[in-house]
Amino acid sequence: MLPSNASEWEAKKPPPKKGGRGIGGLGLMLGLLVVLGAVAFVAVSRLPTTNVPRPGAATAPTQGAARPGTSAPAAAGAPADAATQQTIQQVIQQLDDAQAQAIATNNPNVMAATATQEFYQEQVTTNQDLVDNGVTEVKLLKIEWGDIVVDGNTATATAWETWSTTFEDGTTEQSRDRNVYTLVQQDGSWKVQADVHPDQQQQPAGGGR
């Protein structure tokens with residue numbers, strides 16, 4: 001019972017009978033005072049002693065504050081300038097076109113100009129696997145560019161590529177996946193050193209990539 005209702009509660013109590021023993025009336029009054037004091041003490045003790053924050057004010061993160069695990073960049077280095085981006089995009093485009101040409105003409109040498117020696121050998125093996133599995137043609141339909149980051153003589157480029165693959169029975173399949181290319185500078189030119197597909201556990205037939 002709150003202190004604000006104490007007087008109303010007390011007014012409803014019947015007055016003591018006239019002629020009653022004074023000790024009894026005094027005892028009743030003392031009992032009421034004790035009860036009222038206890039009620040007041042409980043009510044005061046339950047009041048907050050500090051300002052109550054608005055809901056969410058104490059837990060809401062400060063706008064612009066970095067969240068754990070989000071501040072680190074995807075790749076080391078800095079975003080490539082416009083000219084470097086264009087050059088790297090051209091190298092990757094040429095490599096993709098060369099792979100399609102290599103399968104069409106059975107001449108893998110056309111891929112050598114834009115790839116390191118190690119990656120060129122990997123692409124030769126990839127193309128042979130495609131042909132052995134009945135692929136007669138691969139065609140790059142579209143490239144959607146992501147971030148291109150440069151760190152000294154190394155660069156990382158992300159691209160979503162859409163390829164069309166034709167098989168010897170005449171059927172055609174189309175696929176789109178994310179490619180993360182690593183390029184290095186050799187003799188002043190950018191060349192592809194590696195290409196991974198982070199969204200796939202096993203690369204499907206068709207496309208270089």
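With the requirement that a residue be closer than 20 Å to ALA102 by Cα and either crowded, with 16+ Cβ neighbours inside 10 Å or outside the structural domain of GLN86 (by TED's automatic domain parsing) (or both), what does segment 147-178 give you?
GLU161, TRP163, SER164, THR165, THR166, PHE167, SER175
Is at least one residue of segment 188-198 acidic (Asp, Glu) and either in contact with an Asp or Glu (Cβ under 7 Å, 6 or more places away or on another chain) or at pLDDT below 95 (or both)? Even if it seems obvious, please write down each step before you answer.
First, pick out the residues of segment 188-198 that are acidic (Asp, Glu): 195.
If we keep only those that are either in contact with an Asp or Glu (Cβ under 7 Å, 6 or more places away or on another chain) or at pLDDT below 95 (or both) as well, we get none.
No, every residue in segment 188-198 fails to be acidic (Asp, Glu) and either in contact with an Asp or Glu (Cβ under 7 Å, 6 or more places away or on another chain) or at pLDDT below 95 (or both).
Is it true that ASP132 is acidic (Asp, Glu) and closer than 26 Å to TRP190 by Cβ?
Numbers: acidic (Asp, Glu): yes; closer than 26 Å to TRP190 by Cβ: no.
So ASP132 fails the test.
Given segment 114-209, what strands (runs of 3 or more DSSP E) lie entirely inside it while holding 1 or more residues that are polar (S, T, N, Q) and within 24 Å of THR87 (Cα to Cα)?
154-167, 172-186, 189-196
Quick grid of which residues meet (1) on the phi < 0 side of the Ramachandran plot; (2) not charged (D, E, K, R):
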site: GLY152; (1), (2): no, yes
site: PHE167; (1), (2): yes, yes
site: GLU173; (1), (2): yes, no
site: GLN186; (1), (2): yes, yes
site: TRP190; (1), (2): yes, yes
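Out of all the residues in segment 79-113, which are among the small types (Gly, Ala, Ser) and in a helix (DSSP H, G or I)? First the steps, then the outcome.
From segment 79-113, those among the small types (Gly, Ala, Ser) are 80, 82-83, 98, 100, 102, 104, 112-113; that's our starting set.
Within segment 79-113, ALA82, ALA83, ALA98, ALA100, ALA102, ALA104, ALA112, ALA113 qualify.
The values are calculated or read from the model by the stated rules, or taken from the named source; none is laboratory data. Source: prediction; values computed, not measured. Glycine also receives a Cβ, built like all others from the backbone with ideal geometry; neighbour counts cover every protein chain displayed.
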